[in-house]
1. Over the Cα atoms of segment 334-409, Rg to Rh with Kirkwood Rh, two decimal places?
2. Taking the mean number of other Cβ atoms within 10 Å as a proxy for protection, how do you rank 258-268, 295-305 from highest to lowest?
3. Taking amide H positions as placed 1.01 Å from N in the peptide plane, with prolines and chain starts having none, which residues 5 or more places from T129, or on another chain, fall under 5 Å of its amide H?
4. If the cut-off is 17 Å between C-alpha atoms, which aspartates and glutamates fall inside it for K126, apart from same-chain ones fewer than 8 positions away?
5. Hey, got the Cα dimensions of segment 107-153 along the principal axes, in Å, largest first?
6. Go through segment 105-112 residue by residue and turn each phi into a ³J(HN,Hα) via Karplus (6.51, -1.76, 1.60, θ = phi - 60°); whole Hz please, and just put x for glycine and proline.
7. If you take every DSSP beta bridge fully contained in the chain, what fraction is antiparallel? Give it as a percent rounded to 5.
8. Between beta-carbons, use under 9 Å as the cut-off and find the net charge around F88, counting Lys and Arg +1, Asp and Glu -1.
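What follows draws every value from the coordinates through simple rules; no lab data is involved. No experiment lies behind these values; they were computed from the predicted model shown. Neighbour counts are summed over all protein chains in view; Cβ atoms, including those assigned to glycine, are modelled from backbone coordinates with ideal geometry.
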Amino acid sequence: MESVSLAYGNSAFPFTFDPTRFRLVVPHEGPPSGTEEHLIESPPLADLARGRRVLLIVSDLTRPTGTREFLPLLLGQLGGAAAVRFLFATGLHRPLDDGDKIAIVGEDVFRAYPMLDHEPEENNTKVGTTSLGNDVEIDEQVLRHDLIVLTGSIGFHYFAGYSGGRKSLLPGVASKESIQFNHLLVLNREVPGRNPDVGVARLAGNPIHEDMVEAARLVDRRLFVHNTILDSAKRVRKTFSGHWLEAHQRGARDYFDHHSVRLEGKRRLAIVSCGGFPRDINMIQAHKALEFTQYVVEPGGTIILLADCLEGTGHPSFFPWFRYSDLDEFERGLRADYQVYGQTAYSLLSKARRFRIICVSSLPDKQVRAMGMEPAATLDAAMSLIDSDLAETGYILPFGAEVLPSVET
């Protein structure tokens, strides 16, 4: 027998299993060997920043990026800048308070540099229109700077293909209208259903990604990217910096090589942890682990999702969408009044209709049931809800938001 610790918020559930019957699905990162640094198609940041007004765009609390780990090195390269400020890429996520900002950048940095907030419904300036028709509006504070450093981490994203890079601008610091236009591209324009060109690990031909890239090109002469790849302990393992597009794409290829796993076939059961806080900070973020797990579970099979959801379901616009229980009616409502997190709710409910999802969380049972899932207080309680023969074999995904499994066909 073997055992694994499955992260849950800031704690974990132990799970003992027979390795001949359960398959552990984890990234193939290799042994730690220090941080690899890659500068791609760009002069060093220190040269670019000299005498210029620099804006560092950093991620919010909803995703680990290693910000506190890489900032000392990054700020050391900005010593010759005329000014350095921070802007938090909150997109349509909740605003950050001072405690949140200190948690992200550290107290010394928080006290030493101006910290700016993004407001998606105010003070945004149009910088152009994409070929798909998106009128791109960016926080006007961005445009007051000579050099914009896009920071963040590269990982799988269920409709943008990958996080990082251009996402720091759109949706990170874009207007509500620009974000909604971009995310609506997840649906087909002319016929019902999800756009088949939109998907995890997909960049070429993905209209959401391509719209984001076009938006970044509108300000690209000012851009420099500094993206990390984290290991399973959320430590910086690699950095890809330099040209905002080329460095991000190089990092995405590297991430895929080490975080995609081929499996022999689908199974009837999968136990998945999002990877703990902040990956399971709310249900909107936790849904990403479900997105990846669905590819290795048989239709009608069972997924046990471990997602603490310390901050509840997420954005206030998310949970009300579960007033729809019929997916066709849901899609019609979404097209009539598109909201970004309505699309996430639709995606979650569609999975709950195809699989039995038992959700271990701190959410009220009533909320979990409204989202089409079954509640359980612990992993043991969840396991007790399934038949004994089903509980004897399956997949275990300790880092469900960081591994893309696929099956041989």
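1. Values: Rg = 15.0 Å, Rh = 14.7 Å.
Over the Cα atoms of segment 334-409, Rg/Rh equals 1.02.
2. 295-305, 258-268
3. V136
4. Straight-line reach from K126, under 17 Å: D135, E137, D139, E140, E177, D211, E214, D220.
5. Extents along the principal axes: 43, 25, 21 Å.
6. Residue by residue, segment 105-112 yields 9, x, 5, 4, 5, 4, 6, 8 Hz.
7. Values: 22 of 70 bridges.
Around 30 percent antiparallel, to the nearest 5.
8. Around F88, the charge tally is -2.
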